[in-house]
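Since the structure comes first, as structure tokens, the remarks are kept for the end.
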Amino acid sequence: MAQDNSDIARSLYECWNARELERAAEVMKDEGEVVLVGVDVRLHGPDGLLELERMWASAFPDGRMAIDRVIASGDCVCMEVCLRGAHTGELRWPGVEIAPTGRSVTLHMCDVLEFRDGKVRTLRSYFDSASLLQQLGALPELALEARA
């Protein structure tokens, strides 16, 4: 079953790259939940996953997700992925609206997907939102001194 779940998880990113967003949403359970962990955004069901997919696709129309690593165990699949693209569309999630900057970003993420009956029950997405905002010029660069 772990292999089947891995294939389903991979298909989410393949669908996003092909901009087949509705097809990706079909793998989400009706009662499923998507959580953007660092910003505590919670979205529900297939419509919630579709909203997340559209958010990234509209902000980074040329963006591509590369799958760096897949780790599966039982009903859980961890996907280490990297989004690369130019910010040429508005980036919006609750409380955040950033007009297009034209800047290129590289955003490493880890998504943890839990499956039930062949569909995604929960998707928790972990990414460094400060790094993203910094790459977009929405946060000043932080100079950190190394401590000996």
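Distance between the C-alpha centres of the stretch 63-120 and the stretch 10-59: 9 Å, rounded to the whole angstrom.
Think of the chain as a dipole: +1 on every Lys or Arg Cβ, -1 on every Asp or Glu Cβ, centred on the Cα centre; then among Val120, Trp16, Ser104, Ser104 lies furthest on the positive end.
Rounded to the nearest 10 degrees, the angle from helix 45-59 to the longest Cα principal axis of the chain is 30 degrees.
Can you give the local net charge around Val37? Use residues other than it whose beta-carbon is closer than 13 angstrom to its beta-carbon, Lys and Arg +1, Asp and Glu -1.
Details: positive: Arg42, Arg124; negative: Glu33, Asp40, Asp111, Asp128.
Net of charged neighbours comes to -2.
Per residue, how many Å² of accessible area does the stretch 1-93 show with a 1.4 Å probe?
Numbers: 4480 Å² over 93 residues.
Per residue, the stretch 1-93 has 48 Å² of solvent-accessible surface.
Measuring nothing but how far apart in sequence close Cα pairs (under 8 Å, 6+ apart) lie, relative to its length, the stretch 11-115 scores a relative contact order of 21 percent. Shape annotation for the stretch 25-111: C-alpha extents along the principal axes are 41, 27, 23 Å, from largest to smallest.
Quick one: dipole size for the stretch 1-146, taken about the Cα centre, charges +1 on Lys/Arg Cβ and -1 on Asp/Glu Cβ, in debye to the nearest 20. If you can, show how the numbers build up before the last one.
Numbers: 15 positive and 25 negative charges, 45 e Å.
About 220 debye.
With the alpha-carbon atoms of the stretch 1-52 aligned to their principal axes, the span from lowest to highest coordinate is 29, 25, 22 Å, starting with the largest.
When the solvent-accessible area of the stretch 1-51 is split by element, carbon and sulfur atoms take up 45 percent of it, the probe being 1.4 Å. Our estimate of slack between Asp75 and Asp128, defined as 0.36 nm per intervening residue step minus the Cα-Cα distance, is 16.5 nm. Got a sec? Charge dipole of the chain, +1 on Cβ for Lys and Arg, -1 for Asp and Glu; which of Ala138, Val39, Cys78 is way out at the positive end? The listed residue farthest towards the positive side: Ala138. Our estimate of slack between Val39 and Arg10, defined as 0.36 nm per intervening residue step minus the Cα-Cα distance, is 8.0 nm.
On C-alpha positions alone, give me the angle between the axis of helix 2-18 and the longest principal axis of the chain, in degrees, nearest 10. Orientation of helix 2-18: about 50 degrees from the principal axis. Phi angles across the stretch 74-86 convert, under the Karplus curve 6.51 cos²θ - 1.76 cosθ + 1.60 with θ = phi - 60°, into 3J(HN,Hα) values of x, 8, 10, 10, 9, 10, 9, 10, 9, 9, 10, x, 9 Hz, Gly and Pro given as x. Under 5 Å between amide hydrogens, built in the peptide plane, is the criterion, and for Thr122 it picks out Glu33, Glu114 among residues at least 5 positions away or on other chains.
The values are calculated or read from the model by the stated rules, or taken from the named source; none is laboratory data. Bear in mind the structure is a predicted one, so any value in this text is a computation, not a measurement. For neighbour counting, all protein chains shown are included, and Cβ atoms are generated from backbone atoms with ideal geometry for every residue, glycine included. Side chains included, ligands, DNA and RNA excluded: accessible areas come from the protein's heavy atoms. Shrake-Rupley method; radii C 1.70, N 1.55, O 1.52, S 1.80 Å.
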